[in-house]
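A.B. asks: Dumping the structure here so I can ask a few things about it.
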Amino acid sequence: MGDTLSWLIAGPFMYLAVIVFVAATLKKVITIASMPRHLRWDLYPIAHEGPAGSAFQKVEFWKQPRHISLAHELAEMAEEILLLKRTFLYNRKMWNFSYPMHAGFYLIIGWIGLVKFGAIMELIGGLKISGASTVFWAQALNVVTVIAGAVGLVLGLYGCLGLLWMRYTDEDLKDYSSPITFLNLYLLIALFGIGLAAWLIEDPSFVLARGYAVSLYTFKPITLPPMMTLEVLLFGIFLIYLPFSRMLHFAAKYFFYHNIMWDDEPLVAGGSLEKMIGGYLHYKAQWAAPHLKSGDSWLEQATANPAKPKEDGK
Amino acid sequence: MKHKVSHKDIAKQAEILCPLAVTDLDKVPGYEEKPFKPVKPDWKEKYDFSLDGFSALALTPPATKEAEEELVNKFLRGLEKLFSQESNWTFMQPTSLSTDYCVRCNTCNEACPIYVESGRQDIYRPNYRSELLRKIYQRYFTTEGRLLGGFVGADVELNWRTIYRLAELTYRCTICRRCAATCPVGVDNALMNRELRKLFSQELGIAAEGVHKSGSMRHLQTGSSTGMTPAAFLDTIEFIEDDIEERIGRRIKIPIDKKGADILLIHNAGEYVSWPENPAAFAILLDAAGIDWTLSSESMGYEGVNYGTWYDDFQFARVAVAQVQAAKKLGVRRIVVGECGHATKAIVEIADRVCVGDLAIPREGCLPLLEQIVTSGAIKFDPSKNNFPITLHDPCNMVRLMGIVSPQRNVLKAITPPGCFREMPNAGVMNYCCGGGSGFAVMNSLNFPEWRNNVASRMKANQVLEAFKDCLDPSIPKYYCAPCSNCKGAARDSLMEHYGFRDKYNIIYGGLVELMVNAMVDVEKPFISWEDEF
Ligand code: SF4
Ligand code: SF4
């Protein structure tokens with residue numbers, strides 16, 4: 001019974017979780033990306049404008065070539081993604097825990113990559129990756145994998161516990177923490193905590209984890225020890241839940257920055273943006289206030305004048 | 001004292017949810033606080049003051065249960081439209097992102113001058129109103145909210161109190177977007193606030209009188225939010241020409257309706273009414289620099305404001321389109337907006353995706369042009385004429401929201417002697433709002449000005465004092481340069497009148513062009529005077 005359950009969780013359930021995660025995340029991202037282009041709502045500095053700064057600082061800016069520096073944009077993104085720059089600058093207390101949690105995630109993502117890479121190498125090279133291996137790169141891969149996994153789990157757990165402590169003790173945060181917020185944190189704590197326990201007790205060199213990855217690649221699911229089975233179950237639940245939760249902010253953040261704050265694309269006559277807007281102007285807006293005409297097109301309403309004095313002067 | 005108010009409390013029956021007192025507020029050094037005036041009994045009887053004891057909207061509570069139900073239904077219908085592509089293509093994407101992905105970290109809170117200066121009152125947190133919007137939206141429009149209610153946070157009851165307090169709350173934020181600049185995710189509470197204002201305006205017909213009835217509606221009716229008709233405008237220009245002659249000893253013919261001019265200059269028409277020396281200084285500079293420019297006497301062509309920017313997409317678009325049409329009629333090559341932050345942002349940036357096709361006439365703000373005048377050498381300036389301490393206010397709309405940071409500084413450096421210009425703390429894109437943003441400067445109904453002056457402008461008062469801390473002695477004349485009409489309105493009402501900076505410290509306020517003309521070699525008499533009534 002236990003083996004069957006473990007097999008079901010480690011195999012079919014995990015495949016399902018990955019499929020749901022990918023499909024639901026894609027669906028969310030596509031939904032966001034296909035919303036209409038909105039009016040400009042820039043927030044400066046805009047990273048890709050670099051040290052030259054805003055185009056609006058130049059006389060007849062429309063005559064100047066648009067300045068886009070990918071290097072500056074990437075640098076700003078790297079600071080924000082890798083160091084959580086804004087949290088560091090404006091909320092240091094939270095950064096002390098939020099950063100370890102995020103770093104934990106990054107390391108675990110890296111660890112998953114390393115485990116998968118190891119699994120592929122084992123499949124292709126027919127060689128076992130472990131501390132006992134006589135091949136240098138296999139030994140090195142093993143060390144890096146162990147460090148990434150262990151440090152990631154410890155940092156993640158520490159960060160989540162810290163955030164939980166903050167949410168319980170910080171009066172200001174309490175009002176902004178609904179039961180679901182706590183549930184999210186408990187889920188992450190369980191994920192990191194049980195992961196840590198599974199590593200310490202059942203799989204200190206991640207040999208089993210690599211073997212599990214091989215089993216997934218070869219569609220020959222295996223059974224796992226109890227702690228690892230529980231961890232895989234939690235990870236699967238996490239994957240399924242993630243796209244429906246606010247934790248998807250990692251993907252939404254791209255749109256916040258690139259599509260809103262840094263969207264300084266000017267309108268060019270005859271360009272695709274102009275065509276797009278031209279289409280929106282035919283939308284029927286349904287607002288009901290007296291100064292609007294519900295059901296008329298955007299264009300009609302934007303060119304109407306509800307306050308215009310009547311011809312007869314009344 | 002901090003008044004603990006949870007989100008759920010918004011619906012509760014209480015005479016005043018957060019009874020704000022001056023003792024709650026952060027201190028302004030040297031300013032003796034005057035207690036808030038009690039609400040007049042006849043106002044109290046008629047209008048709702050139940051948020052914080054102030055009213056910006058003069059809302060009358062519904063008289064019957066049916067009227068309350070109708071209000072709630074209307075609110076919900078409006079809320080739904082915020083998330084509809086057809087009704088809200090203009091901001092649907094940012095609105096839904098900001099609704100779904102706030103991680104409730106409260107990082108934005110400390111960025112907000114209103115929250116901080118109010119003694120950190122819960123109701124003024126940048127995310128307090130956004131969170132209410134989310135909770136109501138979840139409860140009525142999402143499956144998890146309907147099924148799980150409070151577990152997912154959908155725990156706010158919707159009654160007339162919730163709606164009226166929320167409406168009032170939307171006018172306790174200046175939409176300065178300082179909070180958005182600090183959010184690690186990118187969530188924009190200022191946008192959420194504007195969306196809520198929009199819902200109230202576009203669906204329920206609720207908006208502050210100063211921005212709607214005597215703002216954008218009067219603008220569309222008379223050609224200017226000031227009520228100035230084309231004929232009155234022409235009279236004003238004549239008066240300004242006389243004034244210029246008196247000030248500089250020669251007459252300048254201000255070009256009006258000059259077809260095919262290079263530049264159509266559009267001022268915030270409030271300048272003509274309250275600070276005519278500003279359009280006068282522009283005229284002197286453009287004339288001296290040999291620029292081919294004109295003003296328009298066409299209805300909508302001489303008024304740069306666009307109050308829709310703060311509360312209503314349609315009013316915004318109507319004004320922007322009419323302004324551009326006035327320019328087209330003259331056949332000018334480009335529009336330049338005078339010293340007005342929101343007017344500049346409205347027509348130059350936001351309207352970029354409204355004025356399409358043949359309405360896409362080039363538009364820009366005046367600060368780069370002023371910089372060009374200084375650097376081109378077309379006019380000779382003597383910086384020593386501006387030999388007094390000067391500090392610079394960064395209007396949110398031009399600076400944080402358009403990135404225009406260096407031109408005004410380059411101008412100041414060129415027209416002031418070393419050591420006179422000093423930045424205030426947090427200068428640049430993280431500067432604080434003057435307290436008059438998002439319409440506050442023109443909202444004067446009931447006891448709202450008392451709240452505005454005491455709370456919204458308080459941070460600016462502290463910034464200005466900090467900038468001039470080494471020269472507060474009234475024997476030293478000082479100049480607070482605010483290159484924005486609304487910011488000057490806030491300076492006049494709050495800094496000068498309310499906090500008494502003029503009388504106490506000899507600080508006067510004005511724009512950038514006045515300083516430029518003051519430094520012109522060809523202008524003999526000082527253009528700026530500490531004796532004049534500003
Ligand atoms: S708006 Fe941003 S900073 Fe404020 S609570 Fe939400 S995520 Fe945090
Ligand atoms: S926009 Fe400005 S005033 Fe409004 S909540 Fe944000 S920081 Fe405060």
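A.B. asks: Those residues that are within 16 Å of ligand 2 (Cβ to nearest atom), touching a Phe, Trp or Tyr at 6+ places or on another chain (Cβ under 6 Å) and farther than 22 Å from B:CYS105 by Cα, I need them from region B:145-193; list them, please.
C.D. replies: Listed by number, the list holds a single entry, B:ALA167.
A.B. asks: Return only the number of the condition from (1) within 12 Å of chain A (Cβ to nearest Cβ); (2) surrounded by fewer than 24 Cβ atoms within 10 Å (Cβ to Cβ); (3) assigned to a helix (DSSP H, G or I) that B:MET430 does not satisfy.
C.D. replies: (3)
A.B. asks: With respect to B:GLU117, determine if the residue is charged (D, E, K, R), more than 16 Å from ligand 1 (Cβ to nearest atom) and crowded, with 21+ Cβ neighbours inside 10 Å. Explain how you work it out, then say what you get.
C.D. replies: Values: charged (D, E, K, R): yes; more than 16 Å from ligand 1 (Cβ to nearest atom): yes; crowded, with 21+ Cβ neighbours inside 10 Å: yes.
Yes, satisfied.
A.B. asks: A further question on this structure: Of B:GLY304, B:GLY290, which residue is of a type in the set (Gly, Ala, Ser), under 25 Å from the mean Cα position of the chain (by Cα) and either surrounded by fewer than 20 Cβ atoms within 10 Å (Cβ to Cβ) or in a loop (DSSP other than H, G, I, E, B) (or both)? Can you show your working first?
C.D. replies: Working: B:GLY290 fails: under 25 Å from the mean Cα position of the chain (by Cα).
B:GLY304 is the lone residue from the list that is of a type in the set (Gly, Ala, Ser), under 25 Å from the mean Cα position of the chain (by Cα) and either surrounded by fewer than 20 Cβ atoms within 10 Å (Cβ to Cβ) or in a loop (DSSP other than H, G, I, E, B) (or both).
A.B. asks: In region B:197-219, how many are over 18 Å from B:THR60 (Cα atoms) and surrounded by fewer than 24 Cβ atoms within 10 Å (Cβ to Cβ)?
C.D. replies: Qualifying residue count, region B:197-219: 3.
A.B. asks: Can you give me the number of residues within region A:62-79 that are outside any helix (DSSP H, G or I) and either of a type outside the set (Lys, Arg) or on the phi > 0 side of the Ramachandran plot (or both)? Step through it out loud before you land on a result.
C.D. replies: Taking region A:62-79 first, the residues outside any helix (DSSP H, G or I) are A:64-69.
Subsequent filtering for residues that are either of a type outside the set (Lys, Arg) or on the phi > 0 side of the Ramachandran plot (or both) retains A:64-65, A:67-69.
Total satisfying the criteria: 5.
A.B. asks: Inside region B:501-531, can you point out the residues that are modelled with pLDDT of 95 or more, closer than 22 Å to B:ALA467 by Cα and surrounded by fewer than 15 Cβ atoms within 10 Å (Cβ to Cβ)?
C.D. replies: Across region B:501-531, the qualifying residues are B:ASP503, B:LYS504.
A.B. asks: Among residues belonging to region B:79-101 that are within 7 Å of chain A (Cβ to nearest Cβ) and in a loop (DSSP other than H, G, I, E, B), point out the one that is surrounded by the most Cβ atoms within 10 Å (Cβ to Cβ).
C.D. replies: Among those residues, the one meeting the criterion is B:THR90.
A.B. asks: So which residues in region B:479-500 are assigned to a helix (DSSP H, G or I) and crowded, with 23+ Cβ neighbours inside 10 Å, if there are any at all? Show your work before the answer.
C.D. replies: Taking region B:479-500 as the starting set, the residues that turn out to be assigned to a helix (DSSP H, G or I) are B:485-498.
If the condition is that a residue be assigned to a helix (DSSP H, G or I) and crowded, with 23+ Cβ neighbours inside 10 Å, then B:SER485, B:ASN486, B:CYS487, B:LYS488, B:ALA490, B:ALA491, B:SER494, B:LEU495 are the ones that fit.
A.B. asks: Is at least one residue of region B:141-151 within 21 Å of B:VAL103 (Cβ to Cβ), crowded, with 21+ Cβ neighbours inside 10 Å and at pLDDT below 95?
C.D. replies: yes
A.B. asks: Do we have B:SER529 as small (Gly, Ala, Ser), over 18 Å from the mean Cα position of the chain (by Cα), more than 16 Å from ligand 1 (Cβ to nearest atom) and in a loop (DSSP other than H, G, I, E, B) here?
C.D. replies: Working: small (Gly, Ala, Ser): yes; over 18 Å from the mean Cα position of the chain (by Cα): yes; more than 16 Å from ligand 1 (Cβ to nearest atom): yes; in a loop (DSSP other than H, G, I, E, B): yes.
It is true that B:SER529 is small (Gly, Ala, Ser), over 18 Å from the mean Cα position of the chain (by Cα), more than 16 Å from ligand 1 (Cβ to nearest atom) and in a loop (DSSP other than H, G, I, E, B).
A.B. asks: Among the residues of region B:93-121, count how many are closer than 30 Å to B:VAL22 by Cβ and more than 13 Å from ligand 2 (Cβ to nearest atom). Break it down stepwise before answering.
C.D. replies: At the first step, the residues of region B:93-121 found to be closer than 30 Å to B:VAL22 by Cβ are B:106-121.
Right, trim to more than 13 Å from ligand 2 (Cβ to nearest atom) and you get B:119.
Qualifying residue count for the region: 1.
A.B. asks: List pairs: first in region B:132-156 and more than 18 Å from B:VAL72 (Cβ to Cβ) and without any contact (Cβ under 8 Å) to a residue 40 or more places away in the chain, second in a helix (DSSP H, G or I) and among the small types (Gly, Ala, Ser), Cβ under 9 Å, 6+ apart or cross-chain?
C.D. replies: B:VAL152/B:GLY145; B:GLY153/B:GLY145
A.B. asks: Here's a follow-up. Does B:GLU364 meet the test of being acidic (Asp, Glu), touching a helix residue (DSSP H, G or I) at 6+ places or on another chain (Cβ under 8 Å) and closer than 30 Å to B:THR90 by Cα? Reasoning before the result, please.
C.D. replies: Details: acidic (Asp, Glu): yes; touching a helix residue (DSSP H, G or I) at 6+ places or on another chain (Cβ under 8 Å): yes; closer than 30 Å to B:THR90 by Cα: yes.
Yes.
A.B. asks: Right, another one. Could you tell me whether any residue of region B:185-206 is more than 16 Å from ligand 1 (Cβ to nearest atom), in contact with a Lys or Arg (Cβ under 8 Å, 6 or more places away or on another chain), in a helix (DSSP H, G or I) and among the hydroxyl-bearing types (Ser, Thr, Tyr)?
C.D. replies: From region B:185-206, those more than 16 Å from ligand 1 (Cβ to nearest atom) are B:197-206; that's our starting set.
Among the residues that remain, those that are also in contact with a Lys or Arg (Cβ under 8 Å, 6 or more places away or on another chain) are: B:199, B:202-204.
So of that shortlist, the ones also in a helix (DSSP H, G or I) come out as B:199, B:202-204.
Applying the additional criterion that residues be among the hydroxyl-bearing types (Ser, Thr, Tyr) yields none.
Within region B:185-206, not a single residue is more than 16 Å from ligand 1 (Cβ to nearest atom), in contact with a Lys or Arg (Cβ under 8 Å, 6 or more places away or on another chain), in a helix (DSSP H, G or I) and among the hydroxyl-bearing types (Ser, Thr, Tyr).
A.B. asks: Here is a list: B:LEU59, B:LEU25. Which entry is away from chain A (no Cβ under 14 Å) and within 16 Å of ligand 2 (Cβ to nearest atom)?
C.D. replies: Details: B:LEU59 fails: within 16 Å of ligand 2 (Cβ to nearest atom).
Of B:LEU59, B:LEU25, the one residue that is away from chain A (no Cβ under 14 Å) and within 16 Å of ligand 2 (Cβ to nearest atom) is B:LEU25.
A.B. asks: Condition first: at the interface with another protein chain (Cβ under 9 Å from one of its Cβ atoms) and either in contact with a strand residue (DSSP E or B) (Cβ under 8 Å, 6 or more places away or on another chain) or of a type in the set (S, T, N, Q) (or both). Can you find one or more residues in region A:42-52 that meet it?
C.D. replies: Quick first cut of region A:42-52, residues at the interface with another protein chain (Cβ under 9 Å from one of its Cβ atoms) only: A:42-46, A:49.
Narrowing the set further to residues that are either in contact with a strand residue (DSSP E or B) (Cβ under 8 Å, 6 or more places away or on another chain) or of a type in the set (S, T, N, Q) (or both) leaves none.
Looking for residues that are at the interface with another protein chain (Cβ under 9 Å from one of its Cβ atoms) and either in contact with a strand residue (DSSP E or B) (Cβ under 8 Å, 6 or more places away or on another chain) or of a type in the set (S, T, N, Q) (or both), one finds none in region A:42-52, hence no.
A.B. asks: Given region A:94-208, what helices (runs of 4 or more DSSP H) lie entirely inside it while holding 3 or more residues that are among the polar types (S, T, N, Q)?
C.D. replies: Numbers: elements: A:136-169, A:171-174, A:179-201.
Per the criteria, A:136-169.
The values are calculated or read from the model by the stated rules, or taken from the named source; none is laboratory data. These numbers were taken from a predicted model, which means no experiment stands behind them. Virtual Cβ from ideal backbone geometry, glycine too; neighbours counted across all protein chains shown.
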